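Inspection log for the structure reproduced underneath, given as structure tokens.
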Ligand SMILES: [Zn+2]
């Protein structure tokens, strides 16, 4: 049932009158069959048209397997038998540009890289073809892109005609189709490409506009090539040019210098991070020496107790380790940042079990968890928040620890 698909011979008519010959349902939505239609049903990688029949929106168009009838799925039933139809032309023309661009690109890949197209996908966001090869050099890609655009600039006519399979096989078909029946619709790009296809195409290659390859993805031995044509290529260029100009302005350089400038900035950032790390280590050592000097001499060791606020607990842990390397030292630290941490450490030559001390302090506070070894322990507790400002409560916790050491 191909004789009532008028888009086969004319892809440009987007307003027409037709007669409703059947009313049916598709997934709970009203759907009609028309005596003839220019609406394209989803097939061959090209999405369906949208538009309206009288005031009813055409939300989907598909082919019924049983009899190949074109079903126009609607948002409501049309009142009349004779309907005025209108196809959403920007959407249809976009599909024509992308689809025709795909024919050109696929032939260019065969011609220059011996790569066959084994898949085509067209969606509102992207257009891709899958090639049966695992790799392409950037030189090959450039050559394919250049040839494709040359074909566009040639403004070659594109025609479609039905012919017998045997006649079609006399042509340099890009791919021999695996279809039932003896009739094929062959789309010809004059002097360049012949392919069996039921889709809608522009009448001259010039209408495709720019063909731009934008991305490659390896997929299990195949290559997925994302590209865009016509208006999509313009919008893509516009968006990317905007980003490039913004980055150029930020870096106060020409767009051709962005790459080298970013490399330079990354190198400088790495060096700066290294310097900061070294300076932090020096500062921490200085702080460790200072704190050690303020330690309280107790019977068993010099005890350094301190509450820190708004400090990184990992940094304070480093500080505790640094100080406890000095002989005869016990470190009792608390951090409020604002999460709390208790950090207890001792040097190896001092007796005492820091994990045990921590447990006894947590027990005394009535809440908390933590653990560690006899030389280093770390814990936290919610009890420190009970009605008191945390730093004061932390001081009290450290005083309790000191008391434990005295016992
Ligand atoms: Zn096609």
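The values are calculated or read from the model by the stated rules, or taken from the named source; none is laboratory data. Just so it is clear, the structure is predicted and the values come from calculations on it, not from any experiment. Counting neighbours? That spans all protein chains shown, and the Cβs are built from the backbone with ideal geometry, glycine included.
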- Among the residues of region 114-137 satisfying the criterion of being touching a helix residue (DSSP H, G or I) at 6+ places or on another chain (Cβ under 7 Å) and part of a strand (DSSP E or B), which is nearest to the ligand (Cβ to nearest atom)? 120
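Within region 71-84, is there a residue that is within 30 Å of residue 180 (Cβ to Cβ), surrounded by 17 or more Cβ atoms within 10 Å (Cβ to Cβ) and touching a residue at least 60 places away in the same chain (Cβ under 8 Å)? Before you say what the answer is, go through the steps one by one.
Here is the first cut: in region 71-84, the residues within 30 Å of residue 180 (Cβ to Cβ) are 71-73.
Now narrow it down to the ones that are surrounded by 17 or more Cβ atoms within 10 Å (Cβ to Cβ): 71-73.
Next, only the ones that are touching a residue at least 60 places away in the same chain (Cβ under 8 Å) stay: none.
No, region 71-84 has no match at all.
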- Message: Quick check on residue 111: is it within 15 Å of the ligand (Cβ to nearest atom) and at pLDDT 95 or above?
- Response: no
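Residues are listed down the side, and each one gets a yes or a no for (1) modelled with pLDDT of 80 or more; (2) within 18 Å of residue 312 (Cα to Cα):
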| residue | (1), (2) |
| --- | --- |
| 334 | yes, yes |
| 349 | yes, no |
| 354 | yes, no |
| 358 | yes, no |
| 362 | yes, no |
| 377 | yes, yes |
| 380 | yes, yes |
| 391 | no, yes |
- Mind telling me which of the residues 281, 288, 233 ends up being at pLDDT 95 or above and not assigned by TED's automatic domain parsing to the domain that holds residue 14? 233
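Among 297, 310, which is the only one that is surrounded by fewer than 10 Cβ atoms within 10 Å (Cβ to Cβ) and free of Cβ contacts under 8 Å to residues at least 24 places away in the same chain? Break it down stepwise before answering.
Numbers: 310 fails: free of Cβ contacts under 8 Å to residues at least 24 places away in the same chain.
Every option except 297 fails the conditions.
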- Which of the residues belonging to region 40-62 are farther than 13 Å from residue 84 by Cβ and more than 16 Å from the ligand (Cβ to nearest atom)? 50, 57, 59, 60, 61, 62
- Item | Criterion (in contact (Cβ under 8 Å) with a residue 24 or more places away in the chain and loosely packed, with under 14 Cβ neighbours inside 10 Å) met by exactly one of 94, 60, 67 | 67
- Across region 16-39, which residue is nearest to the ligand (Cβ to nearest atom) among those that are surrounded by fewer than 17 Cβ atoms within 10 Å (Cβ to Cβ) and under 15 Å from residue 84 (Cα atoms)? 36
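From the list 148, 166, which one is in a helix (DSSP H, G or I) and either within 16 Å of the ligand (Cβ to nearest atom) or closer than 16 Å to residue 103 by Cβ (or both)? Explain how you work it out, then say what you get.
On the way: 166 fails: either within 16 Å of the ligand (Cβ to nearest atom) or closer than 16 Å to residue 103 by Cβ (or both).
Within the list 148, 166, the selection yields 148.
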- Message: Cβ contacts < 8 Å: first residue in contact (Cβ under 8 Å) with a residue 40 or more places away in the chain and closer than 15 Å to residue 185 by Cα, restricted to region 195-208; second residue in a loop (DSSP other than H, G, I, E, B) and near the ligand (Cβ under 7 Å from one of its atoms), any location; separation 6+ or different chain. Result?
- Response: 197/44; 198/44; 199/44
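Quick one: how many residues across region 163-202 are surrounded by fewer than 16 Cβ atoms within 10 Å (Cβ to Cβ) and either touching a helix residue (DSSP H, G or I) at 6+ places or on another chain (Cβ under 7 Å) or modelled with pLDDT of 95 or more (or both)? Before the answer, list the steps.
Taking region 163-202 first, the residues surrounded by fewer than 16 Cβ atoms within 10 Å (Cβ to Cβ) are 164-167, 169-173, 175-183, 190-191.
Remaining after also requiring either touching a helix residue (DSSP H, G or I) at 6+ places or on another chain (Cβ under 7 Å) or modelled with pLDDT of 95 or more (or both): 182, 190-191.
Matching residues across region 163-202 total 3.
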- Only one of (1) in a strand (DSSP E or B); (2) under 25 Å from the mean Cα position of the chain (by Cα); (3) farther than 23 Å from residue 91 by Cα does not apply to residue 243, and that is (1)
- Query: Mind checking whether some residue in region 23-42 is free of Cβ contacts under 8 Å to residues at least 12 places away in the same chain, in a strand (DSSP E or B) and not assigned by TED's automatic domain parsing to the domain that holds residue 185?
  - Reply: yes
- Of the residues in region 183-233, how many are farther than 18 Å from residue 151 by Cβ, within 16 Å of the ligand (Cβ to nearest atom) and outside any loop (DSSP other than H, G, I, E, B)? 3
- Within region 43-63, tally of residues that are assigned to a loop (DSSP other than H, G, I, E, B) and under 25 Å from residue 202 (Cβ atoms): 6
